[in-house]
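The values are calculated or read from the model by the stated rules, or taken from the named source; none is laboratory data. Treat the numbers as computed from the prediction; the structure is a model and nothing was measured. Cβ: placed from backbone, ideal geometry, glycine included. Neighbour counts: every protein chain shown. Note: accessible area is taken over every heavy atom of the protein model, side chains too, but ligands, DNA and RNA are not part of it. Shrake-Rupley method; radii C 1.70, N 1.55, O 1.52, S 1.80 Å.
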2 protein chains.
Amino acid sequence: MKIYELAASPSARRVSIFLKEIGLEIESVHVDIRAGENLTAEFLEKAANGRIPLLELDDGSHICESVAICRYLEAASEQQQSLFGNSALEQAQVEMWHRMVELQGLFPALQAFRNISGVYSDRENVIPSWGEESRSRLISFLPTLERQLSANKYIAGENFSIADITLFVLINFAKNIDVEIPAELSHLAQWFKTIASRPSVQ
Amino acid sequence: MKIYELAASPSARRVSIFLKEIGLEIESVHVDIRAGENLTAEFLEKAANGRIPLLELDDGSHICESVAICRYLEAASEQQQSLFGNSALEQAQVEMWHRMVELQGLFPALQAFRNISGVYSDRENVIPSWGEESRSRLISFLPTLERQLSANKYIAGENFSIADITLFVLINFAKNIDVEIPAELSHLAQWFKTIASRPSVQ
């Protein structure tokens with residue numbers, strides 16, 4: 001197997017932390033998105049969504065979308081504990097919080113970044129007012145995280161999960177749009193410190 | 001168990017089709033979103049994301065986010081075949097196509113609808129130019145679906161999955177923003193006809 005990625009991309013970062021958490025090492029191929037290497041016919045032939053990260057299996061077939069890649073790699077590893085949750089209830093709680101972190105956190109942050117910075121204005125329409133709106137929606141989501149973390153060790157409950165990885169990547173990425181954890185959200189800040197000390201994110 | 005929902009909402013529709021597919025019947029409680037019943041302190045106490053659908057378990061705890069609800073309900077049912085895929089590879093393919101349908105289809109359609117129609121302008125900022133941009137991104141995603149369906153019976157491969165349910169809900173919902181399947185996308189049109197004949201969507 002090998003993985004096509006760009007280390008700076010939040011999606012690729014998610015997969016790379018996940019790989020370290022499950023103790024898997026895979027050959028990595030750098031794709032220069034800024035230069036449009038993901039827009040070539042050759043890349044689009046492999047990646048149905050035209051994006052990185054992209055996993056190439058040994059039989060030459062491909063899986064894109066970072067969370068799909070994580071699911072496949074975990075199944076291929078020998079992990080006893082799943083980062084997607086173990087019991088039916090835990091799996092649902094991980095899915096629930098993971099989606100909340102994505103829908104109300106990571107996706108608004110990405111839309112804010114692209115529409116405020118205009119970094120991909122050579123290939124997509126950029127609407128700065130939507131960027132500002134997305135940024136403010138992200139900020140108003142942070143107290144929901146604080147509430148959950150004031151009663152739980154990790155974002156989906158008592159166990160570390162993929163939802164923590166996505167949240168960690170989000171909080172780091174949010175610096176690009178000048179969003180930091182406000183001082184009064186002390187449980188979120190403490191959670192961030194705990195996650196930042198894990199070997200997988202060094 | 002009981003489920004809080006609004007039949008017209010695409011997310012609630014997803015769960016209700018899923019329930020019929022796995023042969024499960026659950027008591028349903030109508031929530032009037034237009035009237036803001038989801039914004040009351042009582043509802044927010046139950047739903048961490050403030051949205052429907054919301055599943056209430058018999059012990060009084062709650063799961064929100066439609067896909068998390070589907071995962072939990074499938075685990076609680078006696079299904080042999082999973083609508084999330086069976087082998088590790090199939091699970092990854094379902095996740096991959098499901099996320100593509102959501103990220104490039106359903107979410108842009110929802111953002112288009114809310115920002116063009118202004119239906120929730122009493123509670124959120126509305127940016128019509130982002131609505132138009134989202135609508136055009138949805139339209140440019142349709143050929144990707146056509147390509148996949150020209151080589152596969154269902155959107156994630158040979159088996160019907162949750163990705164088909166989400167895509168069916170998307171295509172129906174897209175009528176609200178005047179997006180229909182273009183005549184030249186014949187495989188997508190044929191797939192839609194096939195899904196529309198399933199008892200679960202009647």
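Condition first: more than 14 Å from chain B (Cβ to nearest Cβ), in contact (Cβ under 8 Å) with a residue 60 or more places away in the chain and of a type in the set (D, E, K, R). Can you find one or more residues in segment A:5-18 that meet it?
Keep residues of segment A:5-18 that are more than 14 Å from chain B (Cβ to nearest Cβ), which gives A:5-9, A:12-13, A:16-17.
Okay, now just the ones that are also in contact (Cβ under 8 Å) with a residue 60 or more places away in the chain, so A:13, A:17.
Going one step further and asking which of them are of a type in the set (D, E, K, R), we end up with A:13.
Yes, that holds for at least one residue.
Looking at this structure, is B:I139 modelled with pLDDT of 95 or more, outside any helix (DSSP H, G or I) and surrounded by fewer than 24 Cβ atoms within 10 Å (Cβ to Cβ)?
Numbers: modelled with pLDDT of 95 or more: yes; outside any helix (DSSP H, G or I): no; surrounded by fewer than 24 Cβ atoms within 10 Å (Cβ to Cβ): yes.
When the stated conditions are applied, B:I139 does not pass them.
With the checklist (1) open to solvent by 60 Å² or more (accessible area, probe 1.4 Å); (2) farther than 22 Å from B:S140 by Cβ; (3) under 20 Å from the mean Cα position of the chain (by Cα); (4) of a type outside the set (G, A, S) in hand, flag the one item A:W97 doesn't pass.
With (1) open to solvent by 60 Å² or more (accessible area, probe 1.4 Å); (2) farther than 22 Å from B:S140 by Cβ; (3) under 20 Å from the mean Cα position of the chain (by Cα); (4) of a type outside the set (G, A, S) applied to A:W97, the lone miss is (1).
With segment A:25-120 as the region, which strands (runs of 3 or more DSSP E) entirely inside it contain at least 1 residues that are more than 26 Å from B:A76 (Cα to Cα), in contact (Cβ under 8 Å) with a residue 12 or more places away in the chain and in contact with a Cys (Cβ under 9 Å, 6 or more places away or on another chain)?
It comes to A:54-56.
In this structure, is A:R114 within 23 Å of B:M96 (Cβ to Cβ), modelled with pLDDT of 95 or more and open to solvent by 60 Å² or more (accessible area, probe 1.4 Å)?
Numbers: within 23 Å of B:M96 (Cβ to Cβ): yes; modelled with pLDDT of 95 or more: yes; open to solvent by 60 Å² or more (accessible area, probe 1.4 Å): yes.
Considered against the rule, which asks whether it is within 23 Å of B:M96 (Cβ to Cβ), modelled with pLDDT of 95 or more and open to solvent by 60 Å² or more (accessible area, probe 1.4 Å), A:R114 comes out as yes.
Can you pull out the residues in segment A:78-94 that are open to solvent by less than 50 Å² (accessible area, probe 1.4 Å) and more than 7 Å from chain B (Cβ to nearest Cβ)?
Start the filter on segment A:78-94 by keeping residues that are open to solvent by less than 50 Å² (accessible area, probe 1.4 Å), which leaves A:82-85, A:88, A:90, A:92, A:94.
The answer is A:S82, A:L83, A:F84, A:G85, A:E90, A:V94.
Would you mind stating whether B:N152 is over 18 Å from the mean Cα position of the chain (by Cα), closer than 13 Å to B:N176 by Cα, in the same structural domain as B:H187 (by TED's automatic domain parsing) and open to solvent by less than 60 Å² (accessible area, probe 1.4 Å)?
No: the conditions fail for B:N152.
Just one of (1) without any contact (Cβ under 8 Å) to a residue 24 or more places away in the chain; (2) under 18 Å from A:N172 (Cβ atoms) trips up A:E21, so point out which.
Single failed check for A:E21: (1).
Which of the following residues is under 24 Å from A:L167 (Cβ atoms) and surrounded by fewer than 17 Cβ atoms within 10 Å (Cβ to Cβ): A:A41, A:A68, A:A75, A:A35?
Details: A:A41 fails: under 24 Å from A:L167 (Cβ atoms); A:A68 fails: surrounded by fewer than 17 Cβ atoms within 10 Å (Cβ to Cβ); A:A35 fails: under 24 Å from A:L167 (Cβ atoms).
Just a single option satisfies the conditions, and that option is A:A75.
Mind listing whichever residues of segment A:1-24 are farther than 18 Å from A:E78 by Cα and not hydrophobic (A, V, I, L, M, F, W, C)? Write out each step before concluding.
Let us first name the residues in segment A:1-24 that are farther than 18 Å from A:E78 by Cα, namely A:2-14.
Hits for segment A:1-24 are A:K2, A:Y4, A:E5, A:S9, A:P10, A:S11, A:R13, A:R14.
Any idea which residue in segment B:123-136 is farthest from the other protein chains (Cβ to nearest Cβ), counting only those that are surrounded by fewer than 17 Cβ atoms within 10 Å (Cβ to Cβ) and either touching a residue at least 24 places away in the same chain (Cβ under 8 Å) or not in a loop (DSSP other than H, G, I, E, B) (or both)?
B:R123
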